Ligand SMILES: [Zn+2]
């Protein structure tokens, strides 16, 4: 990385080289805080109510071991230990001074899942105060802090302490890829930061600081230990800890431990830059390689494609992007662009799913997009976080197109409409595929909570002279733009209806630019690299105060610059009628197949509505009707039409949103792609 300092100096000396740098040098986007956005939306608000009142409590209860056994893995776990897995019991044992007892509930990363759930719950609290939830979280935090308090170094990973205490961080013959010491620690720090931001309470943040200080002390260039996170994610979080103390230096005095925030940035960068560095085999600095599985085969900046375990890869990519935003390191910027372009251009599924291959839960090769793919909920969410970070870095609406694809499809499919059953895998064709109450590796429910609670932050964005409307969700966002308070108030029936109104509320007239995202699919650009293709015709319309204006587009956003005054209204109309999506010829795995989408929603066919669906074909020019059914699946737009089956018989079809598949019993057979008639 040292060689990269030179271009930065050149950049600082003059503007001459400005144009050869990434567009990230022009302007970056800031998201809003959760407290400055209020969602009031016909699509999202009812779902948010379920997640806030059912899902978050459900996940916490199940982490406490209160779950029904509906899978062989949870059954086997109970047979092994004699009880359902209680993640908090592990903390209590450690707090009692137990060590090396050879027993631990749940997988080694169970601590991490507790912390991720606390982070998600904290973000819920930031938007929707809930004294009962806060009290519950405080009690958990007391148990976590008690477990840390017994260790003089502030070390905490219950799995390692209870089963292999001499192998902290995977050292001394251990393996962090399995133990998840660093991953869990990172997730703890994340929870500490989010809980502080939501409540102002510092107990968990103080635990986070002590653990981060310990990691900084023992990990790094020789003579420290050669340790990287066995699972990506902590890179971004140590950066966030650095940013928090830079922003709030007054907090340092409350930590009960020294805070040198620069150390946290150093640690984040070390974890990125040390990948692929396995040390000299005969030195004490050597480390076994985790290979491409953990993005550790070669240095991060030498890798040009996104590889390995899809959750690890996308969370690392998000962390490198966040660090690029902070440091403007051109090598990081180039790297994350390479990863994203490869992921979205060659490896992404139509639903925003990522990670085709079940073995090692990894990305497949380019253009390998089989219908029976693995597509873990967490991987799709990781890619959503990565795309959002890319948008902050590059200010290009195409990134939010892909964020939106995840949000309305593979994210929502991960949780049942009832809010208490979950999918790990989200294939595009399946039989007997049911959401479970709890899993032997229940990583997806906490990730779902993290994303759905963070999502309102990304509806709007801003820089020093622009505001951005990234997502079409009924809401109010308060933005401090260049010293002025501006509120954007959105009302919309999206995704079921195409029209969105954005009202501007300012005290005094103010000149600025409003950038409104125009989704690619609305302009016949289903995918920025033509991995998928569609043609919805024309239909994007933009009005200001009722008067149609020309679409002046820059990088995926329609830009409107004017002197805005209170009550000005922008009206955007998007063509959300059904469209047929086809796939690039390079994709042999779904050759000759087509699918249906409308707006951001991908559709699927369930056997309950379509007996004999496995024999259906679809015609590219099929006439389709779309109708809102308020009583069906909590209210969805249903697409109907006529087609033929493989025997040439006329059949009627009914398609429902992918995310809603599998919510009606007994139907569990579904598919997204259909053979194109005559192909
Ligand atoms: Zn998962």
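The values are calculated or read from the model by the stated rules, or taken from the named source; none is laboratory data. From a predicted model like this one, the values you see are computed outputs, not experimental measurements. Cβ sites come from the backbone with ideal geometry, for glycine too, and all protein chains shown count toward neighbours.
Here are some notes:
- Hey, residue 429 near the ligand (Cβ under 10 Å from one of its atoms) and outside the structural domain of residue 194 (by TED's automatic domain parsing) or not: no
- Restricting region 539-583 to residues that are part of a loop (DSSP other than H, G, I, E, B) and in contact with a helix residue (DSSP H, G or I) (Cβ under 8 Å, 6 or more places away or on another chain), the residue that is surrounded by the fewest Cβ atoms within 10 Å (Cβ to Cβ): 539
- Region 279-299, residues that are surrounded by fewer than 17 Cβ atoms within 10 Å (Cβ to Cβ) and either in contact (Cβ under 8 Å) with a residue 40 or more places away in the chain or under 26 Å from residue 153 (Cα atoms) (or both): 279, 283, 284, 285, 286, 288
- Highlighted here are the helices (runs of 4 or more DSSP H) found entirely within region 235-344 that include at least 3 residues which are at pLDDT 95 or above, closer than 21 Å to residue 355 by Cβ and within 16 Å of the ligand (Cβ to nearest atom): 310-327.
- Within region 379-395, none of the residues are away from the ligand (no atom under 12 Å from the Cβ), at negative phi and in a loop (DSSP other than H, G, I, E, B).
Results for (1) within 16 Å of the ligand (Cβ to nearest atom); (2) more than 16 Å from residue 376 (Cα to Cα); (3) assigned to a loop (DSSP other than H, G, I, E, B), shown as yes or no for each residue.
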{"residue": "407", "(1), (2), (3)": "no, no, no"}
{"residue": "419", "(1), (2), (3)": "no, yes, yes"}
{"residue": "447", "(1), (2), (3)": "yes, no, no"}
{"residue": "457", "(1), (2), (3)": "no, yes, no"}
{"residue": "461", "(1), (2), (3)": "no, yes, no"}
{"residue": "471", "(1), (2), (3)": "no, yes, yes"}
